[in-house]
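A short worksheet on the structure shown next.
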Amino acid sequence: MATSVDDPLVDPDTGKKIDFYKILGLETWPGDGEAKKAYYKAAMRLHPDKNRDNPERAEIVFKYLQEAWKTLSDPTERAYYERNRELILSGGVEADEFYGVDTFVNLASFRSSSCYDGFDDSPRGFYTVYALLFKTLADEELRAAKRRIEIKSYADNELSMLQRRSSEESYPQFGPSDASEAMVSSFYSFWSRFQSVKEFLHENYYSTEGNSKYRRLAEGENKKFREEARLQFSIRVRDMAAYLKRRDPRVEAYQEKQRRQSVEAQQKREAKIQQIQRERIASKQALKEQIAKRISILTEKVNDGTITAHEMLELESMASTQPLHSDKIADEFTDRKETPMNGGSSNKSHHYPGSLSKEFIAQGLAFDKATGKLFCKVCNQRFQMEGEFKSHLTSKKHRNAQKESAATDAPTKATINSENVERTEPRKRRRAIQEGTPDESIEKGEACEGGSKNSHQCKICKQRFESRTKLFKHIADTGHAALKQS
């Protein structure tokens, strides 16, 4: 069909519409990169702001340029245009073999911007035209599904699909210009994967009359023709949906919204990461300052003689891993009876029997003169500092040792007069423990096990001796004196 010479889209050289390649300044498709450059160059030249002498004409030409770019930039649409170029430029419509037979919609006639006027909801608007198109397609599929169920024209594995497609709710609508994002997304999700349920019986080529063998062969071939026709029709509908999606302003708006949300989410994630890093740096700095403060306090304690330099090194090492524990132990040193400044030792043996807590002694804490260290009488674990014993009391090892001791300890059969033990002076007991010299009750009581003269055993370390003399010497040397528990 000839076009008017007054039409701004008519090429004076051919009398037809301007070729899409020509308006972009191209002869063939040069590749995505070069084509995009050509489009930007043409857009700068044909933009209405650059052609204000005839704004209406400039607007029409610029929209045609945009349509040309949308068509050629998509490989599927570009292939369709190149196959039907002469027909499209002449204003004709591609013949549709399905039109009038399997559908009352000529899909080819809707692949042009000339079939609608503007992106609005007016009777000739974009949303009205294409809503009616897909409503017609949905009604045809609905009738086909119901008919196939009614006449039982289906395979066993097709029934559930036909039942779904016989419901109107199965076909999402195109919707108006203000349709929700969910509605638009549902529409394109369904129609971009569309599969027709029509039978396409007109595609049957072979007659099924004759003997059973021929009939089976004919039915098999006819089925292939029908399935091929169904596939081609489904592809045309999917292509129509893709054509719309590339031009639907709602899709562009929602995609832009998603891009904005994605950028905002990324910015929030980065801000959160930076905040965590700042907090981590601040925490490390605060820890450094706390450790420095503790070391300063420990240095003062060394200077005033509260602790030894060796003790300071141990507490300094503990300050970075157990700051509160190190502070508590340092405070305990302040109340210690013997210090390097008031006559205490300044070697590694920095714990003294006279300063031990009575509560801890009752719970099993003792001092070993031989090693200069504290130890637990229940499980024989050694400690550098008294504060460590308090933490040890709640340990699993200590609790298990207490249970084993309670289960295995039997009453001693040594020749001990209980009345004499009760009359032993408390002060003598404490002195024996502190000074490492056994008193009478210790000599005859818990420091040794068994009454046999050939079996003298230290209850603390379980070592056996040939005589009491050697046992008592061992107790004096090691401080392994133990009171009999009442």
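Since every read-out is calculated from the coordinates, none of them should be taken as a lab result. In this text, all values refer to a predicted model and were calculated from it rather than measured experimentally. Cβ sites come from the backbone with ideal geometry, for glycine too, and all protein chains shown count toward neighbours.
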Would you list Tyr154, Tyr40 from fewest to most Cβ contacts within 10 Å? Tyr40, Tyr154
With 0.36 nm assigned to each residue of separation and the Cα-Cα distance removed, Ala292 to Glu270 gains 4.6 nm
Per principal axis, descending, Cα span of the range 99-212 in whole Å: 60, 29, 20
Going from the fewest other Cβ atoms within 10 Å to the most, one would list His310, His392 as His310, His392
Neighbour-count ranking [beta-carbon atoms within 10 angstrom, fewest first] of Met385, Met183, Met312: Met183, Met312, Met385
Under the Karplus curve 6.51 cos²θ - 1.76 cosθ + 1.60, θ = phi - 60°, whole-Hz ³J(HN,Hα) for the range 158-172, x wherever Gly or Pro sits: 9, 4, 4, 5, 5, 5, 5, 7, 8, 10, 4, 5, 6, 10, x
Quick one: 3J(HN,Hα) in Hz for the range 275-287, Karplus 6.51/-1.76/1.60 with θ = phi - 60°, rounded, Gly and Pro as x. 5, 4, 5, 5, 5, 5, 5, 5, 5, 5, 5, 5, 5
What ³J(HN,Hα) values, in whole Hz, does the Karplus curve 6.51 cos²θ - 1.76 cosθ + 1.60 give for the range 207-221 when θ = phi - 60°, with x put for Gly and Pro? 6, 9, 7, x, 6, 5, 5, 5, 4, 5, 5, 5, 5, x, 5
How much length is gained on full extension from Asn400 to Arg45, taking 0.36 nm per residue of separation minus their Cα-Cα distance? 118.8 nm
Long-range amide H contacts for Gln381: which residues qualify at under 5 Å (H placed 1.01 Å from N, peptide plane, sequence gap of 5 or more or a different chain)? Cys376
Residues whose built amide H sits under 5 Å from the amide H of Thr103, excluding neighbours closer than 5 in sequence, are none
What's the extension gain from Ala407 to Arg85 if we count 0.36 nm per residue and subtract their Cα-Cα distance? 105.8 nm
Where labels lie 7 Å past Cα in the beta-carbon direction, separation of Arg78 and Glu221 in nm: 4.0
Once the Cβ-Cβ distance between Asp178 and Gln285 is put in as r, and R0 is 35 Å, what FRET efficiency do you end up with, to the nearest 0.05? 0.05
Rg(Cα)/(2.2 N^0.38 Å) for the range 18-161, N = residue count: 1.39
Here, Gln255 and Tyr214, labelled 7 Å along Cα→Cβ, have an inter-label distance in nm of 5.6
Skipping prolines and chain starts, which residues have an amide H placed within reach, meaning under 5 Å, of the one on Lys373, given they are 5 or more residues away or on another chain? Asp368
